[in-house]
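The values are calculated or read from the model by the stated rules, or taken from the named source; none is laboratory data. Keep in mind that what you see is a predicted model, and the values were worked out from it rather than measured. Positions of Cβ are generated from backbone atoms using ideal geometry, with glycine treated the same way; all protein chains shown enter the neighbour counts. All accessible areas refer to the heavy atoms of the entire protein, side chains included, with ligands and DNA or RNA removed. Shrake-Rupley method; radii C 1.70, N 1.55, O 1.52, S 1.80 Å.
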Amino acid sequence: MGMIQTPELLLHKKIAIVGGGPGGLTLARLLQIKGVEVKVYERDHSQAARVQGAIVDLHFDSGLKAMDATGLMEAFKDNYMQGADKYRLLDPKGNILFDEGNQAGKPQFGDLQFRPEIDRGALRDLLIDGLLPDTVIWDSQFLSMKEVDNIWELQFKNGTTATADIVIGSDGYRSRIRPYLTDLKASYSGATIIQGEIDHPETACPEFYKLVDQANLMAMGNSATITAQPRGDGGLTFYAASLYPENWVKDSGIDFSNPQDVHEYLINRYGDWNPIFASLFKACNHFVARPLNYFPLENRWGTKSNLTLIGDAAHLMPPNGEGVNLAMLDALDLSNCLINKDFTQLSEAMAAYEKIMFDRAAPLCKETIESISDFAAPTEESVQNLIKMLGKTD
Ligand SMILES: Cc1cc2nc3c(=O)[nH]c(=O)nc-3n(C[C@H](O)[C@H](O)[C@H](O)COP(=O)(O)OP(=O)(O)OC[C@H]3O[C@@H](n4cnc5c(N)ncnc54)[C@H](O)[C@@H]3O)c2cc1C
C-alpha cells in the first residue's frame, strides 16, 4: 500500500472506527486501501469470539457492490454458502406453501437477483483478513470520549485509551457513540423475537433440520412467524416473532436464560402448530429475547466534521433483510465522500455522506415499521403477497 496517495482530506489524520461489525470492517478496508491510517476498536475479546446470528444475504446494489469495492470479491466467492439463497415457506400446520429448492437456471454473480448467503462469522473473517495486521484492536469496549484541541480521546472499559482525529461509530444498535451526535433514543416497533441457537440440529431435531435443508425456512400464520436458517458451522438459528407489548420480555416473567422456562412458554404459545415446531423448541438450549427497536424517522443530527455513524448505530430498524447490506453501503458511501477531491472541507464530505445515508434509510425504515405486522402477525393476504414476491426472484 506504500505507493498510494492518501486522500487530501485524510492526510495525517487518524481514524478510529468503533465497532468491528460488517459496517466498520468494510469501512476500515475501504479506507486502508486508500492509504488512510485507521484502527477498529472492537468489544469482542478476540476474533475467535463467535458472531451471533445466522447467515446473511448480500444484494447486488448494496452489500455486493461494497464487497466489490473492497477488492475482496474472490474471498467472498470462496466463502459464501452455495445453494443457501433459497426459501421454503410453510403454514403453521406444516404444509409447504412455496419452495424454491431444486430450481433450474438459478441466478449467479452478476445477476441483479442473485443474493448469495454467507455466514456472519465467515464474512467477518474475510473482511479482517483484508486488513493490515493489528488494525482491529480487540477487547476494546468503548466507554466514553472527549474532544481536546480537535483530537478525540477515547476511553475503553479495559482501561486503555486512544486518540483520533475522526471517530466513526459502527457499534450497532446500542451505540455508545450515537449520544455524542443526538439524544434521540430507540422506539419499540411492536414486535419481539425469541432467538434460539442449536449447535447440533442434525441430532437434536433431525426432522426439522431436514425441512430447513440448508436454506431459509419461514413458517407464517396464526399471528406469528418462525424463521430458521443454517449457520456456517453446522448449527441452526431460529427466530420466533410475534407482536408483544413493549417491555413484554421483562413483564412476561419468563426467565430467558432458563431453557425449560422458554420451552414451556413456546410449546404452549405454538400449541396449535405442527408438532415439528415443538421439536425445534425442545432441541434448543440457548435463547435470547429481542424486542425489535428502531431509530425514529426524524432521526437527523447536526453534521460534525470529525464524527459520524454508519449501519445500525445510525439507522436501526427491525430486520428486513437489508441491515448488513445497508451498513456496508454506508461504509462505501462514507469512504467515497471522504476521498472525493471535490470536497475541500471534512464537514462538506460528512454532510454529503449523511444526506445519502439518511435519504436512503428513512423511507426504508418507514416501510419496515408500517409492515411490521406482515412479518410478526401475518394475515392470509400478507402470506400470499410474500409468495408473489418470492416468486419474482426465481
Ligand atoms: C434477528 C435479526 C436478524 C437479522 N437478519 C438479517 C439478515 O438476514 N440480513 C441482513 O442484512 N441483516 C439482518 N439483520 C440486521 C443486521 O444484523 C444489522 O443491521 C447489521 O449487523 C448491522 O451492522 P453494523 O456493522 O452496523 O453493526 P453490528 O453488526 O451490530 O456490529 C456492531 C459491532 O460493534 C461492536 N460493539 C458494540 N458496542 C461496542 C462498544 N461499546 N465498543 C466497541 N465495540 C462495540 C459489536 O461487538 C459488533 O461487533 C438482522 C438483525 C436481527 C436482530
In this structure, the FRET efficiency calculated for residue 285 and residue 174 from their beta-carbon separation, with R0 = 41 Å, to the nearest 0.05, is 0.95
Quick one: give the max-minus-min coordinate of the C-alpha atoms of the range 349-389 along each principal axis, largest first, in Å.
47, 18, 9
The FRET efficiency for residue 371 and residue 249, from their Cβ-Cβ distance with R0 = 22 Å and rounded to 0.05, is 0.45
Roughly how much of residue 147 is accessible, in Å² to the nearest 10, using a 1.4 Å probe?
90 Å²
Pull out the extension gain between residue 264 and residue 153, defined as 0.36 nm times the separation in residues minus the alpha carbon to alpha carbon distance; nm, one decimal.
35.1 nm
In nanometres, what is the gap between the two model label sites at residue 387 and residue 74, each 7 Å from Cα along Cα-to-Cβ?
4.5 nm
List, in order, the whole-Hz ³J(HN,Hα) value for each residue of the range 184-196 obtained from phi through the Karplus relation with A = 6.51, B = -1.76, C = 1.60 and θ = phi - 60°; use x for Gly and Pro.
4, 9, 5, 10, 8, 7, x, 10, 10, 10, 9, 9, x
Can you give me the orientation-averaged projected area of the convex hull built on the Cα atoms of the range 282-363, in nm²?
7.0 nm²
For the chain, what is the relative contact order in percent, using Cα pairs closer than 8 Å and at least 6 residues apart in sequence?
23 percent
What spacing in nm lies between the two simple spin-label points modelled at residue 48 and residue 347, each 7 Å away from Cα in the Cβ direction?
4.8 nm
For the table 34/157; 146/185; 39/65, the rows whose alpha-carbon distance is greater than 29 Å are 34/157
Over the Cα atoms of the range 211-340, each weighted equally, I'd like the Debye log10 I(q)/I(0) at q = 0.09, 0.12 Å⁻¹, rounded to two decimals.
-0.39, -0.65
Which sequence of 233, 91, 342, 312 reflects their accessible areas, 1.4 Å probe, from the largest down?
342, 233, 312, 91
Most fluctuating residue of 56, 148, 383 in a GNM of the chain with Cα springs under 10 Å: which is it?
148
Under the rule a/c < 1.5 gives rounded, and otherwise a/b versus b/c splits prolate from oblate, where does the range 1-62 land using the Cα gyration tensor?
oblate
Report the accessible area of residue 14, computed with a 1.4 Å probe over the heavy atoms of all protein chains in place, in Å² rounded to the nearest 10.
80 Å²
Taking the radius of gyration and the Kirkwood hydrodynamic radius from Cα positions alone, what is the Rg/Rh ratio for the range 18-174, to two decimal places?
1.07
Equivalent ellipsoid, the chain (semi-axes from 5 times Cα gyration tensor eigenvalues, Å)
37, 23, 20
Quick one: with all protein chains in place, what share of the accessible area of the chain is carbon or sulfur, to the nearest percent (1.4 Å probe)?
49 percent
Where does the chain land at 222 nm, in deg cm²/dmol rounded to the nearest 500, when only DSSP H runs of n ≥ 4 count, each adding -39500 (n - 2.57), divided by all residues?
-10000 deg cm²/dmol
Give the lysines reachable from residue 355 as a straight Cα distance under 16 Å; neighbours fewer than 8 places away on the same chain don't count.
304
For labels at residue 82 and residue 214 in the simple 7 Å Cα→Cβ model, what's the distance in nm?
0.9 nm
Note, residue 147: beta-carbon cut-off 12 Å, +1 each Lys/Arg, -1 each Asp/Glu, net -1
Taking the alpha-carbon centre of each part, the distance from the range 210-255 to the range 85-101 in Å is 15 Å
Counting only C-alpha contacts under 8 Å and six or more residues apart, can you give the relative contact order of the range 186-275 as a whole percent?
28 percent
For the chain, with every protein chain kept in place, what is the accessible area per residue (1.4 Å probe, Å²)?
46 Å²
Which helices of the chain meet both criteria: a Cα extent of 18 Å or more along the helical axis and a mean Kyte-Doolittle score no lower than 1.0, with helices taken as whole DSSP H segments?
323-339
Between the range 108-165 and the range 1-71, the Cα center-to-center distance that results, in Å:
6 Å
Please work out how much accessible surface residue 238 shows to a 1.4 Å probe, ignoring ligands, DNA and RNA, in Å² rounded to 10.
0 Å²
Residue 379 to residue 106: extension gain in nm, 0.36 nm per residue of separation minus the Cα-Cα distance?
95.3 nm
